[in-house]
Structure formats: structure tokens, C-alpha cells
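Heads up: the structure comes next, in C-alpha cells.
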Amino acid sequence: MTFEMSDADYVREQYASEDKLDTRASVWRPTSDGLDPTTEALRAIDRALVGDADVLEIGCGTGAMAERIHALPGVTLVATDFSERFVELTAARGVDARQADICYLPFDDASFDVAYAGWMLYHVRDIERALNEVRRVLRPGGTFVAVTNGNGHLADLLREAGGKPLVTRFSSETGESVLRRRFDDVRRHDLETRAVFGDHASAQAYLDTLGGDLTLPAFEGQREYAGHVTIFEAR
């Protein structure tokens, strides 16, 4: 593949609009026992709430998760994203949304009880600085919920298209050890998800959103590929 998940130009191009993200999100299905990663992440956030709470979402995307967090009782939410378009879309949902870089969070020390970053830390070039910032803005005893993919996530699809599995700086394999450098208590919940493609065209469309030179050999009918997601809760 000819792209790097943490390359600044790649990230900027990927999230200039919602089209590519929407295409990728549309194919994912819950685990075989019905667990949805975003719902499980929301439950992790809810578990961390004690009375009224200030919550920070980092990398809010189109605002779908922000809207759900905002609806939790007693929550005051600030959602951030590097993309101006995603801040606009999130604000349109009635959420306090601001443009921000995780490596330079524009908040005072100890401003939040909970921070959430869903499927975005693998895009961060300087993960150590980013986590220092998350730790800084969290109050003592605060919780950081982070969601990421494993190295085997869609690996079969990528191989069939002439690529390689995506190995990132923050993954199911590395996330726990990385987080333990900043947090004393790190827990994980691993989920085996599924990507379902109705036909070859939809699978190729997914690959096209990633960039690179990936071409999937033709096939008939529907195909399903395994994904792997981990939800980390760090305190």
C-alpha cells in the first residue's frame, strides 16, 4: 500500500469531507453475539460517570457518537476534531464542537472527568505527546476510553487486493502497553466484528476510500471479512 495512516496529508485528505468515512462505516456489523463497538464504548463512558461530568471527545467525526454521549444524563460534552467539516457536522447536531489537535488541546489542566477517542489514535504521529495531553486535561481519577483496531482488522481483504495488513502505532496489539506509560489501570474489551459487502463493487469502493493501489479480484455474490476492535478503559 502507498499510504501511511499517520501521515498528515493523508489524514487531512481522508477527513476533508464525510464521504469516505460514511462509506467505511456502512459495511460494519456487530459481533456474532450482537455486540456493537460504538455501543460498548458508550457503555464504558457511562460506567466512568459519577454524577454530573465534563466529557471530552477527541476526533468526533460526523458527530454520531457525540450525539449519543451528549444525551447521557448529567454530561457536559465538548467534542473536537481536526477537520473543519466534521466540527461543522457535529455542531449541527446541537453539540459544543471545536476544532482542535490532540497534540495541542486548548483546555486547562484537569478540565474533564472523561475523555474519549474512537478510531483516531492510529492517525496520530506523536502518540506520546497526544497521550500526555489527554492525561493533562483529565482530572485525577479521570477515565480515558480509546477504541482502535487490531493488526488483523480486514487483513484478508487487504491481502486479496494486493496489500498488507495495517500495522499502526496504536492498535489492539500495542495499545495496552502504550497506555500503561500514562495510566495505572488499563482494561480492555476485544470484539470480533464483521464487514459485509453485498457485491464486488461495494468491497472495491471501500478499498478505494483508503487510497493506495488496491485492486480486488472480481467475485460474485456477497462476502464477509473479519475485523478486530479493542475498547480500552484507562485510569
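Key figures
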read-out: Spin-label pair Ser111/Lys164, simplified geometry with 7 Å Cα→Cβ offset, distance in nm; value: 3.9 nm
read-out: Charge dipole magnitude, Cβ of K and R +1, D and E -1 - the range 35-174, Cα centre, debye nearest 20; value: 280 debye
read-out: The range 124-178 and the range 40-64: distance between their alpha carbon centers, rounded to Å; value: 18 Å
read-out: Burial order of peptide ranges 179-185, 141-147, 10-16 (average beta-carbon count within 10 Å, highest first); value: 141-147, 10-16, 179-185
read-out: Sorted by Cβ density within 10 Å, fewest first, the residues Glu40, Glu128; value: Glu128, Glu40
read-out: Potential lengthening between Arg180 and Asp96 on full extension [0.36 nm per residue; Cα-Cα distance subtracted]; value: 27.2 nm
read-out: Packing-based order for 101-110, 162-171, using average beta carbon neighbours within 10 Å, highest first; value: 162-171, 101-110
read-out: Neighbour-count ranking [beta-carbon atoms within 10 angstrom, fewest first] of Arg159, Arg135; value: Arg159, Arg135
read-out: Test item: Cα-centred dipole of the chain, Lys/Arg +1 and Asp/Glu -1 on Cβ, debye; value: 480 debye
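Read-outs throughout are calculated quantities, based only on the coordinates presented, and are distinct from any laboratory measurement. Here the structure is a predicted model, which means the values were calculated and not measured. Here Cβ is always computed from backbone atoms with ideal geometry, including for glycine, and neighbour counts include all displayed protein chains.
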